[in-house]
Amino acid sequence: MSDDYLPKNNADGLPIVPMTDVQKYIFDLKGWICLPGLIDADQCAKIREHLYAFVEDPEQLPEEIRTAQAGPAEMLLDHPEVVGVCNEIIAHMYVADEDYYGFRYDHDYVSIRSAGHDNYRPHGGGGLLNFV
């Protein structure tokens with residue numbers, strides 16, 4: 001099937017980067033994919049600062065960025081490589097075109113752990129096949 005229905009550029013006009021065959025294979029094998037070097041240390045620090053403010057005292061943030069997906073973190077949702085992964089994995093051709101992504105972000109949450117935390121369960125744990 002052709003992917004002609006997918007947008008070619010993100011909201012900033014940057015070309016969307018499609019997943020490589022190797023990335024697709026790794027995702028199929030593991031169920032997740034790592035995109036090394038996606039953001040630099042300065043961007044990461046700004047995103048971290050925003051998320052701490054959002055969790056600890058959201059009232060200090062301007063109203064229009066009182067969400068985990070706003071401010072410096074916006075770029076994570078519209079990064080050309082992230083959009084390329086979302087296009088491959090979750091996009092629906094019936095709602096995508098050059099002006100609209102074929103996927104959406106329903107919700108988010110922020111989980112902040114302190115150093116030495118040893119009870120990390122990103123998907124809640126539990127379940128019949130939860131092998132510890």
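The values are calculated or read from the model by the stated rules, or taken from the named source; none is laboratory data. This one's a predicted model, so the numbers in the text were calculated from it and none came from an experiment. Positions of Cβ are generated from backbone atoms using ideal geometry, with glycine treated the same way; all protein chains shown enter the neighbour counts. The protein model used for the area step is the full one, side chains on, heavy atoms only, and it has no ligands, DNA or RNA in it. Shrake-Rupley method; radii C 1.70, N 1.55, O 1.52, S 1.80 Å.
Confirm whether Lys46 is under 24 Å from Ser111 (Cβ atoms), open to solvent by 90 Å² or more (accessible area, probe 1.4 Å) and modelled with pLDDT under 95. Lay out the reasoning, then the answer.
Details: under 24 Å from Ser111 (Cβ atoms): yes; open to solvent by 90 Å² or more (accessible area, probe 1.4 Å): yes; modelled with pLDDT under 95: no.
Judged against the criteria, Lys46 is not a match.
Among the residues of segment 15-26, just one is more than 28 Å from Asp99 (Cα to Cα) and open to solvent by less than 80 Å² (accessible area, probe 1.4 Å), namely Ile26. Ala41 meets all of the listed conditions (1) among the small types (Gly, Ala, Ser); (2) loosely packed, with under 12 Cβ neighbours inside 10 Å; (3) farther than 23 Å from Val110 by Cβ but one, namely (3).
Answer yes or no as to whether Pro36 is touching a residue at least 12 places away in the same chain (Cβ under 8 Å) and open to solvent by 70 Å² or more (accessible area, probe 1.4 Å). Criteria not met by Pro36.
Whether a residue is assigned to a loop (DSSP other than H, G, I, E, B), open to solvent by 70 Å² or more (accessible area, probe 1.4 Å) and farther than 26 Å from Ser111 by Cβ was assessed, and Asp12 passes this test. The sole residue among Leu51, Leu77, Leu29 that is loosely packed, with under 12 Cβ neighbours inside 10 Å, in a helix (DSSP H, G or I) and not charged (D, E, K, R) is Leu29. For segment 69-99, enumerate the residues that are aliphatic (A, V, I, L, M) and under 11 Å from the mean Cα position of the chain (by Cα). Matches in segment 69-99: Ala73, Met75, Leu76, Leu77, Val82, Val83, Val85.
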